[in-house]
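Participant: Handing you a structure now.
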Amino acid sequence: MPPVFRFAPSPNGLLHLGHAYSALLNFDRAREAGGRLLLRIEDIDATRCRPEYETAIDEDLAWLGIAWQRPVRRQSEHLADYRAALDKLSALGLVYPAFESRAEIAKLVAAREAGGPWPRDPDGAPLYSGEAKSLAAEERAGLIASGVPYALRLDMDAACRRVAGLTWHELGDGPDGEHGVVAARPEAWGDVILARKETPTSYHLSVVVDDALQGVSEVVRGQDLFHASSVHRLLQALLGLPEPAYRHHALIRDSEGRKLSKSSRSTGLRELRDAGASPAGIRRLVGLG
């Protein structure tokens, strides 16, 4: 079977040089390997995603000379797939509702940090303390029935007891030069959110489901997602999904060394195009010659 690659942007803003670099790497890898490139639109966040941004993504990628296989998969059209995966994890007893707001969690963490550092995930966010796991089933049901907002979290301790010794095959380089067989450490993320009352899936859940259903064999993405691969490997193992190879690449940064954002107009593809940049010039800017 020919290898399958994917570029998966969110239509919540215009593409910048960092997106161009990742898209071009996927396109080049697919051509070199005689494989296929898919475009996936990760539009779960209905409050921020816009159709005009998806149109702009198509236009920018085509201008760069990137071709992809159609039809395009839009996550908002496949919510049943994520619900099925969530139901499978729930049936294993690995999912529970947590009712604290972000502000309440921040207040709780601040209070506990008065006695010493509170553990944080690889992105620097404080780990959820897990109070909601102690609620009785009747209390949980009552809170949900009364309309209290909640997040559905993965019971990380229970999940890791089910699956141990996970690794992934790294074809690129991690932030600290990791390469080859990398040991997964999903416990570093604590009880991650899998869905919310108003959003039926999370990035972690939807990305592993999508990659499996689309037959993605090599995931090419930025080093900012390197540590998230631990969570993805855990979910793949729990759900019985195939394991792709991973190739994490260095990030394109601004003049002050910061990761690019969609608000970074000086590195936006649309602005660079309007200023006279060519597709070949964009390749040179991102170091692809």
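Participant: Consider Ala151 carefully, then state whether it is exposed (fewer than 14 other Cβ atoms within 10 Å of the Cβ) and either in contact with a strand residue (DSSP E or B) (Cβ under 8 Å, 6 or more places away or on another chain) or of a type in the set (A, V, I, L, M) (or both).
Facilitator: No, not satisfied.
Participant: Helices (runs of 4 or more DSSP H) wholly in segment 1-93 with at least 3 residues that are closer than 26 Å to Lys259 by Cα and free of Cβ contacts under 8 Å to residues at least 24 places away in the same chain - which ones?
Facilitator: Helices (runs of 4 or more DSSP H) meeting the threshold: 51-63.
Participant: Right, another one. Filter segment 222-253 down to the residues that are among the basic types (Lys, Arg) and farther than 17 Å from Leu205 by Cα, then identify the one that is modelled with the lowest pLDDT. Give the steps one after another, and end with the answer.
Facilitator: So in segment 222-253, the residues among the basic types (Lys, Arg) come out as 233, 247, 253.
Adding the requirement that they be farther than 17 Å from Leu205 by Cα leaves 247, 253.
On the way: Arg247: 98, Arg253: 84.
Top of the filtered list is Arg253.
Participant: Could you list, in sequence order, the residues of segment 165-222 that are under 27 Å from Val148 (Cα atoms), outside any loop (DSSP other than H, G, I, E, B) and not β-branched (Val, Ile, Thr)?
Facilitator: Trp189, Leu194, Ala195, Arg196, Tyr203, His204, Leu205, Ser206
Participant: Can you pull out the residues in segment 230-289 that are in a loop (DSSP other than H, G, I, E, B), β-branched (Val, Ile, Thr) and either out of contact with any Leu (no Cβ under 9 Å at 6 or more places or on another chain) or more than 16 Å from Leu61 (Cβ to Cβ) (or both)?
Facilitator: Ile252 - this is the single residue of segment 230-289 that is in a loop (DSSP other than H, G, I, E, B), β-branched (Val, Ile, Thr) and either out of contact with any Leu (no Cβ under 9 Å at 6 or more places or on another chain) or more than 16 Å from Leu61 (Cβ to Cβ) (or both).
Participant: Across segment 129-148, what is the total count of residues that are surrounded by fewer than 10 Cβ atoms within 10 Å (Cβ to Cβ) and either over 31 Å from the mean Cα position of the chain (by Cα) or more than 27 Å from Glu113 (Cα to Cα) (or both)?
Facilitator: Residues that pass the stated criteria total 6.
Participant: Follow-up question, since we're still on this one. Where the second residue is among the small types (Gly, Ala, Ser) and assigned to a helix (DSSP H, G or I) and the first is closer than 17 Å to Gly93 by Cα and lies in segment 131-143, which pairs have Cβ atoms under 9 Å and are six or more apart or on separate chains?
Facilitator: Qualifying pairs under 9 Å: Arg140/Ala132.
Participant: Might you let me know whether segment 193-210 holds any residue that is among the basic types (Lys, Arg) and either crowded, with 17+ Cβ neighbours inside 10 Å or at pLDDT below 95 (or both)?
Facilitator: The answer is yes; a qualifying residue exists.
The values are calculated or read from the model by the stated rules, or taken from the named source; none is laboratory data. What you are looking at is a predicted structure, and each value in this text was computed from that prediction instead of being measured. Glycine gets a Cβ as well: all are built from the backbone with ideal geometry, and neighbour counts include every protein chain shown.
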